[in-house]
Amino acid sequence: MNSVDKSTDEILSLLENPTRDGSWDRRGMVVGHVQSGKTTNFISLISKAADAGYRFIFVLTGITDNLRVQTQLRVDERLILKPAQWIKLTDVDNDFASNEKNAAAFDNAAKSGNQTVIAVVKKNAKRLEFLLDWLGKLDQTTRD
């Protein structure tokens, strides 16, 4: 537990303060070997990032539906303990789609400032195209 706490604090310290004004780089990634504790680490990191003020989090999963669903289940079970704090753009039955429901959820979270939007997205060309298209349509003030 202490090791995960320390490593996620170190990773989070490398990211910009999400409340800082202006544009800045907001990317981060957790990579590891199979069965190396990635899930525990990235879920802990997501939790800390949300507490720090990050309001939109993408979890990119493997290339199969099974891997995406497995990751979604773990996120739902271990992270979404207080559903009112989260807006989920994906669930076990639905991968990311560029649609009005997702755009509205993102806008609501960006404006309220007290919810974090999360999406578990399969690393699939079509899904990533949906994601890029959707992000490109958001106005700059919403993305900031």
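Quick check on my filter: what residues within region 35-59 are touching a Ser or Thr at 6+ places or on another chain (Cβ under 9 Å) and aliphatic (A, V, I, L, M)?
Within region 35-59, LEU45, ILE46, ALA49, ALA50, ALA52, ILE57, VAL59 qualify.
Matching residues to (1) in a loop (DSSP other than H, G, I, E, B); (2) touching a strand residue (DSSP E or B) at 6+ places or on another chain (Cβ under 9 Å):
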{"position": "LYS6", "(1), (2)": "no, no"}
{"position": "ILE11", "(1), (2)": "no, no"}
{"position": "PRO18", "(1), (2)": "yes, no"}
{"position": "ALA50", "(1), (2)": "no, yes"}
{"position": "TYR54", "(1), (2)": "yes, yes"}
{"position": "LEU67", "(1), (2)": "no, yes"}
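Out of THR141, THR39, report the one residue that is in contact with a helix residue (DSSP H, G or I) (Cβ under 6 Å, 6 or more places away or on another chain) and either in a helix (DSSP H, G or I) or at pLDDT below 80 (or both).
The match here is THR39.
List every residue pair whose Cβ atoms sit under 8 Å apart, with the two residues 6 or more apart in sequence or on different chains, where the first one lies in region 1-14 and is under 10 Å from SER44 (Cα atoms) and the second, anywhere, is among the aliphatic types (A, V, I, L, M) and open to solvent by less than 90 Å² (accessible area, probe 1.4 Å).
Qualifying pairs under 8 Å: THR8/LEU45.
Just the residues that are open to solvent by 70 Å² or more (accessible area, probe 1.4 Å), out of contact with any helix residue (DSSP H, G or I) (no Cβ under 8 Å at 6 or more places or on another chain) and assigned to a helix (DSSP H, G or I), please, taken from region 69-84.
GLN70, LEU73, GLU77, PRO83, ALA84
Pairs needed: first member in region 15-44, surrounded by fewer than 11 Cβ atoms within 10 Å (Cβ to Cβ); second member anywhere, at pLDDT 70 or above; C-beta distance under 6 Å; at least 6 residues apart or different chains.
THR19/GLY53
Small (Gly, Ala, Ser), in contact with a helix residue (DSSP H, G or I) (Cβ under 8 Å, 6 or more places away or on another chain) and not in a helix (DSSP H, G or I), is that true of GLY32?
yes
Of the residues ASP51, ASP5, only one is open to solvent by 60 Å² or more (accessible area, probe 1.4 Å), modelled with pLDDT of 85 or more, of a type in the set (Asp, Glu) and closer than 17 Å to LEU81 by Cβ; which?
Step by step, each of ASP51, ASP5 is checked, and only ASP51 is open to solvent by 60 Å² or more (accessible area, probe 1.4 Å), modelled with pLDDT of 85 or more, of a type in the set (Asp, Glu) and closer than 17 Å to LEU81 by Cβ.
Out of everything in region 85-116 that is among the aliphatic types (A, V, I, L, M), in a loop (DSSP other than H, G, I, E, B) and modelled with pLDDT of 85 or more, what residue ends up being most open to solvent (accessible area, probe 1.4 Å)?
Among residues in region 85-116 that are among the aliphatic types (A, V, I, L, M), in a loop (DSSP other than H, G, I, E, B) and modelled with pLDDT of 85 or more, the one most open to solvent (accessible area, probe 1.4 Å) is VAL92.
The values are calculated or read from the model by the stated rules, or taken from the named source; none is laboratory data. Keep in mind that what you see is a predicted model, and the values were worked out from it rather than measured. All Cβ positions, glycine included, derive from the backbone under ideal geometry; neighbour counts span all protein chains shown. All accessible areas refer to the heavy atoms of the entire protein, side chains included, with ligands and DNA or RNA removed. Shrake-Rupley method; radii C 1.70, N 1.55, O 1.52, S 1.80 Å.
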